[in-house]
Every structure is written in C-alpha cells, then in structure tokens.
Amino acid sequence: MIYSSGMHEISDPRPGRLGRIASASLLAALFALGGGWAAGCSKNIPTHDGYRTADAEGWNKPEVLELDSDREAEIDSELSYPKRRRARWFAVDLSRPGELEVMLSYAALSAIQADEEPEEDEDDPFDLAFEVYDASYRMLTRADNREDDVGERRKRRTLYELPAGRYLIHVYLQRRLDEVEYTLRVQHRLGEFVASASDFPKTVAFYPDLPAVPKTDDAPRPEPPRCRGRRCRGKPNRPSNRPKPRNNTPAPSGDGQVVAVPDGGMRARIIGIRAAGGGTRITINRGSAHGVAKGWRGQVVTAKSKSIANGSFTLDSVKAQESYATVRASSDTVSNAARAIIQP
C-alpha cells in the first residue's frame with residue numbers, strides 16, 4: 001500500500017486570545033491523532049505471508065479466462081496483502097497455435113481513495129507483478145520489480161509461436177502493505193507454429209544381426225606374467241595353486257532378472273522418491289504427453305535393466321509430464337536403481 005502524508009499550516013484568521021486558544025487546541029488534537037496513526041501503522045504491518053492458508057495452491061484451481069469471438073478476455077479484480085489476498089491465478093486455453101499478449105493495468109488503493117497519485121519511494125516504488133507459465137509450470141515471461149518497467153501502471157508482455165494448450169498467469173503483490181485494484185486483459189492472435197522438420201529415424205541405417213553373447217565368459221584365461229628378477233632364476237613360470245579368497249560382498253537385493261522393453265512400453269527415470277506407508281512413493285518423468293495413461297504397469301530396474309525385489313507397480317496418477325506410483329521396495333533401493341520400465 002502506498003501512503004502519502006503531509007504537514008499543513010493551521011492559522012486562525014480571527015485576532016484575539018480566543019483564536020489563539022482554538023488554534024493551539026486544534027494543533028494538540030491533530031498531533032495526538034497523528035501520533036496514534038503513526039503508532040498504529042507501525043503495529044499493523046502484517047507478519048503473515050499474505051495467504052489465507054499455509055498450504056495455499058492457487059495454481060491448482062485457477063480462474064479460467066474465456067476468450068470471446070475476438071479471442072480476447074478481460075477481468076477486473078483487486079489484491080490486498082494485509083487481508084491475505086496477496087495473489088491470484090488465472091488460466092487461458094489456446095485452442096490453436098499463435099501469440100498470447102498479456103496486459104496489466106492497475107492503481108494503488110491509496111491513490112484511488114485520495115483521488116491523486118501519492119508520492120513514492122524512488123528506491124522501492126509500488127509495483128504489481130505477474131508471471132506467465134505453460135502447462136508444465138515452466139516460466140515463459142514475467143514483469144516484476146527486477147524488470148525495466150518497474151513501477152509503471154501499465155505492463156505488457158507478448159509470447160510468440162506458442163503451441164495450443166493451457167497457460168497460467170500469476171498476479172501478485174511484492175510488499176506487505178500493498179493493496180491494489182487492477183485490470184487483466186489477454187489477447188490471442190492466431191499464427192502458424194511449425195515444428196522443426198526431421199526425417200529421423202529414416203536416415204539411420206539398421207544394425208546388422210549381432211552375435212549372441214554367452215552368459216559366461218568362455219574366453220581363454222590369460223597367461224600368468226613372466227617371473228622376472230634374481231629370485232626367478234631357474235624357476236618355471238607356473239600358475240599359482242594358492243586358493244583364491246572368497247568374495248564376501250553381499251549380492252544386490254532383488255531377483256536381478258534383465259527386463260526387456262515390451263512392445264508399446266518405454267524406459268523412464270525416477271525423478272522423485274519419498275517414503276510412504278508400506279513402501280515408497282515414486283515420480284516418473286513420463287506422462288500423458290508421452291502417451292502414458294493411468295493403470296499402466298511398471299518395474300523398477302537398475303542401469304543395466306535388472307529388476308529389483310518388490311519393484312513392480314501400477315501407475316495411479318498421471319499428469320502431462322509426470323506419473324506417480326507406489327512400490328513396496330525401500331526408498332534406498334529405489335534410489336540406487338533410479339530407473340523404470342513401463343507398459344500398458
């Protein structure tokens with residue numbers, strides 16, 4: 001919120017003692033009120049984060065802006081950090097590729113109530129910020145107090161060559177006393193989004209049939225190194241009959257079977273791991289954008305495509321770029337494997 005204050009001289013045009021008494025009384029009253037107002041302001045600086053709840057996730061339930069026949073949408077709203085309305089999320093769905101222009105105009109509530117533009121701190125001007133994300137929550141552009149148009153009451157950002165899909169707009173305050181009324185306007189201009197042309201894999205030659213590799217190494221054992229030096233004179237180079245030490249390294253957990261990628265299946269990486277009741281909750285870097293659907297089955301494997309014990313799972317939640325499932329294997333075992341093979 002932007003505050004403006006000023007000192008005004010108080011004078012009584014009537015001469016005499018009565019006028020001086022009234023002027024002095026009025027000054028004392030105004031001083032008391034001014035001191036109370038200043039003390040109240042210093043005590044009313046909010047210490048909360050500006051949201052109604054600690055786990056507020058406005059991006060999961062954004063307000064959808066419906067485009068009209070001119071492919072435009074506009075909405076008027078307000079924000080107040082002290083009233084725990086620090087930010088709002090909006091969504092716009094583009095049915096076809098093209099450009100998206102986002103325009104934000106605003107005015108501080110203190111300026112509206114005073115019917116004039118209050119004085120601002122040049123080092124920390126009032127500024128309403130916004131950001132634009134794609135459906136994968138990747139930031140595409142922003143306008144905040146780090147940009148060149150900080151403090152300007154009208155901001156504009158244009159995104160070019162966007163594919164069809166949903167885009168999120170995050171409007172938010174940046175200071176604890178800020179309150180604002182604003183107008184958000186979006187416009188979608190149709191265009192051509194041409195993906196990069198590629199004839200892959202047509203230009204890649206097929207591999208020839210490779211010989212089968214036996215499970216055990218049938219290569220002949222190498223000859224022992226020749227004995228050299230004074231101690232080896234007259235001694236034949238015989239192989240040592242000393243028994244080899246036992247390998248006491250425990251075998252890795254799991255059945256260790258090599259899992260092949262079936263028809264229609266795919267490899268994936270495990271990008272998120274957290275302990276869950278009776279197992280481990282995993283996040284896989286494949287989602288509906290890759291053709292994955294809820295109910296697909298999978299197996300946690302190592303870098304050499306070997307399965308681990310209790311590593312089978314069924315996808316119970318699928319998003320555009322990620323999928324989720326629960327396995328009975330421990331989080332350490334899953335973290336060491338860090339890969340999976342999934343199939344319909």
query: Based on what the data block shows, is ILE342 in contact (Cβ under 8 Å) with a residue 60 or more places away in the chain, within 18 Å of GLY264 (Cβ to Cβ) and of a type in the set (A, V, I, L, M)?
result: yes
- request: Could you please find all residues in segment 233-262 being surrounded by 10 or more Cβ atoms within 10 Å (Cβ to Cβ) and either modelled with pLDDT of 70 or more or of a type in the set (A, V, I, L, M) (or both)?
  value: GLY256, GLN257, VAL258, VAL259, VAL261, PRO262
- line: Within segment 255-306, residues being closer than 14 Å to SER317 by Cα and β-branched (Val, Ile, Thr) number 4
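The values are calculated or read from the model by the stated rules, or taken from the named source; none is laboratory data. Because the structure is a prediction, the values reported are computed rather than measured. A quick note on method: Cβ atoms are made from the backbone with ideal geometry, for glycine too, and the neighbour counts reach across all protein chains shown.
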